[in-house]
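Presented below is the structure to which this report refers.
The values are calculated or read from the model by the stated rules, or taken from the named source; none is laboratory data. These numbers were taken from a predicted model, which means no experiment stands behind them. Every residue, glycine as well, gets a Cβ built from its backbone with ideal geometry; the counts of neighbours run over all protein chains shown. We work out accessible area using only protein heavy atoms, side chains counted, and drop any ligands, DNA or RNA first. Shrake-Rupley method; radii C 1.70, N 1.55, O 1.52, S 1.80 Å.
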Amino acid sequence: MHNDVVLVKLQYLILSTLGKEFVTYFPPLLEEEVAAVAKMESCWATTAQTIFHLNPASLPPSPSAAAASSFLKSHFKKIKQLPLAQCSRQFSRRNGLTRLVASAAPATAENSVSDKLPADIIVTETPEPNSRVKLSVEVPAVVCDDCYQRVIKEFMKQAKVPGFRPGKNVPEGILVGYVGKENVRRATIESILKRTLPHALSSVSGKALEDSIRISTKFPEMESAYSSMKSLRYDVVVDVAPEVKWIPEDGYKNLKIVVEIDKEIDAQTAAEQELRRRHKALGSLKIVIDRGLQVGDVAILDISAKTIEQDESAAQNIPSAESKGFQFDTEDGDRVLPDFLNSIIGIKRGESKTFPYVFPDSWKQEDLRGVCAQFTVDCKELFYRDLPELNDSIAEKILAGCSTIEEVKEILLQKFLEVEQTAKEQAADNAILDQLHKMVEVNIPPSLFEEQGRQLYGAQLLQIQANMKLNEQQLASLSSPKAVKEFLENQKENITNIIKQNLAVGDIFRRENLQIVTEEIVKEVENSIAEFKNHNQDYDEERVQEQVQEVLEGAKVLEWLKERAEIQYINK
């Protein structure tokens, strides 16, 4: 089955060079397979004669995307995607980085015998920029003639020449005249490519990137050379696994990492906030009558804002800062907008307040950072909380099974200590990965960049679809080649950093001879397959095993690095 897939890939590559109008030499069943691959891949082609991604097998869907509709899956035939790893750490280092492009022949003994050539071909390897190699292939006349004889035999079996019984010998001149010299010549060139490509690619076995091959020589040039010399010369371009250069060498062995932790994940603070939230849930809101807003109240506000300009007529509204009927909890004041509470403290029901405000430099919306604005706030309603006393009598209501407030506090603290530890580990992992990509130099081949970018885009689309349930028109627009191209351009730096991280992690795993316990892989594969089955998702067991191994290898590397790293945690 594997050899059949590689054969389809190889024949599609040849057809892409010959032209889609010429499909005469392949058996009918294979023609349909090649056409199916070509149709799928054409959705992703950004330019003619660029990098071919020839994998006809659809990758398994993500267990985390079980909620995505079947309609989404049909659209994702356009997007080569990997399942989203169910792991706190994300890795996409692929074993395909070193997978043999010519694994069908002559890498196996069976194919090596069946496709043995009558003479050697000459292959000249020329390095090119961005981890790319050009292979100049010279096919001697004796090999070309052998391919020609095979083509004649094949046509003799299939052609229905008037006056001759099917399958009977037809004089070569008559057969060529019936089929057409041009068709015979094209079929011969096709046969030459089909038989010699695996031998040519064997020179880069072990380092060629899967699905990155393209024949750069135009077909008319090959046709002209064959017609005049009865031999053939063509160029093949292939991306190879990039070399990872560490700066400094072995610098990853003693990392010094500073990890910034959000104060919100501090276990003690988080536990106190959760206790307060549960306590407030037991109370009721009552209308404030005789005073203004104070800390602890809840106000219903209409908020508007516009920029402050020297020319008042140039002031513009700030839509993202506007809200109608906004429920403002004063205990969350600074989370809504820093210092916003101080500007409206004391406001009464039915009153309006106008005040200037400068958006902080840390504001999440970049175009508003440092902007001077004028806010207008109308207080529509004002409430205070009527809360029961926080004592042991309400402990069961705050947390089932607890008889005292101290017990509630202890359980909540323990829960958030676990959350804090998980967050610290994730933050440390992210900080290490961020430092790794800065320590390596890599010439990233275009095919690897495009593949990683499409994986990210596919995962993003799956998440959007799961959250928003896009309609057919929206999904078609987001999955268009134009949308993907824009994503690759806008996310170039991010995609590049992810690739460098993945390559660095893979390089460390190999350098340090790290190992994964087989039983651990088997267990994780079984868990992943069970999850696919629970969601009635199709899956490829071999691909699942590959991905599980990738994730486990990445986790092993991070564990190894953290044991040797100096890690300092600080609060933001």
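Below are the figures for this structure:
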{"item": "Single residue of Glu260, Glu272, Glu221 found to be open to solvent by 60 Å² or more (accessible area, probe 1.4 Å) and either among the hydroxyl-bearing types (Ser, Thr, Tyr) or outside any helix (DSSP H, G or I) (or both)", "result": "Glu260"}
{"item": "Residue in the stretch 243-251 that is open to solvent by less than 90 Å² (accessible area, probe 1.4 Å), modelled with pLDDT under 90, outside any strand (DSSP E or B) and charged (D, E, K, R) present", "result": "yes"}
{"item": "Number of the condition not met by Glu407 [criteria: (1) touching a strand residue (DSSP E or B) at 6+ places or on another chain (Cβ under 7 Å); (2) more than 29 Å from Gln294 (Cα to Cα)]", "result": "(1)"}
{"item": "Unmet requirement for Ile289, which otherwise passes all of (1) β-branched (Val, Ile, Thr); (2) open to solvent by 20 Å² or more (accessible area, probe 1.4 Å); (3) under 30 Å from Phe449 (Cβ atoms)", "result": "(3)"}
{"item": "Residues of the stretch 517-572 classified as over 30 Å from Asp250 (Cβ atoms) and not in a helix (DSSP H, G or I), total", "result": "8"}
{"item": "Residues of the stretch 199-210 that turn out to be in contact with a helix residue (DSSP H, G or I) (Cβ under 7 Å, 6 or more places away or on another chain) and surrounded by fewer than 24 Cβ atoms within 10 Å (Cβ to Cβ), as a count", "result": "3"}
{"item": "Residue check for Ile192: more than 30 Å from Ile444 (Cβ to Cβ) and either in contact (Cβ under 8 Å) with a residue 40 or more places away in the chain or acidic (Asp, Glu) (or both)", "result": "yes"}
{"item": "Selection within the stretch 461-517 - of a type outside the set (Val, Ile, Thr), open to solvent by less than 30 Å² (accessible area, probe 1.4 Å), under 30 Å from Arg564 (Cβ atoms) and more than 14 Å from the chain's Cα centre (by Cα)", "result": "Leu503, Ala504, Gly506, Asp507, Phe509, Leu514"}
{"item": "Counted residues, the stretch 323-361 - those being of a type in the set (Ser, Thr, Tyr), assigned to a helix (DSSP H, G or I) and more than 24 Å from Asp262 (Cα to Cα)", "result": "1"}
{"item": "Condition met for Glu425 (over 27 Å from Pro248 (Cα atoms) and out of contact with any strand residue (DSSP E or B) (no Cβ under 8 Å at 6 or more places or on another chain))", "result": "no"}
{"item": "Odd one out for Val142, checked against (1) open to solvent by 50 Å² or more (accessible area, probe 1.4 Å); (2) modelled with pLDDT of 90 or more; (3) outside any helix (DSSP H, G or I)", "result": "(3)"}
{"item": "The stretch 378-398, subset aliphatic (A, V, I, L, M) and touching a residue at least 60 places away in the same chain (Cβ under 8 Å), residue nearest to Ile347 (Cα to Cα)", "result": "Leu382"}
{"item": "The stretch 411-451 - residue that is basic (Lys, Arg) and at pLDDT 90 or above and, of those, surrounded by the fewest Cβ atoms within 10 Å (Cβ to Cβ)", "result": "Lys438"}
{"item": "Count of the stretch 362-377 residues which are in a strand (DSSP E or B) and either out of contact with any strand residue (DSSP E or B) (no Cβ under 8 Å at 6 or more places or on another chain) or within 28 Å of Ala281 (Cβ to Cβ) (or both)", "result": "1"}
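Table: residues versus (1) closer than 26 Å to Ala271 by Cα; (2) open to solvent by 50 Å² or more (accessible area, probe 1.4 Å); (3) in contact with a Leu (Cβ under 7 Å, 6 or more places away or on another chain).
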position: Tyr357; (1), (2), (3): no, no, no
position: Leu368; (1), (2), (3): no, no, no
position: Thr376; (1), (2), (3): no, no, no
position: Glu389; (1), (2), (3): yes, yes, no
position: Asp392; (1), (2), (3): yes, yes, no
position: Lys397; (1), (2), (3): yes, yes, yes
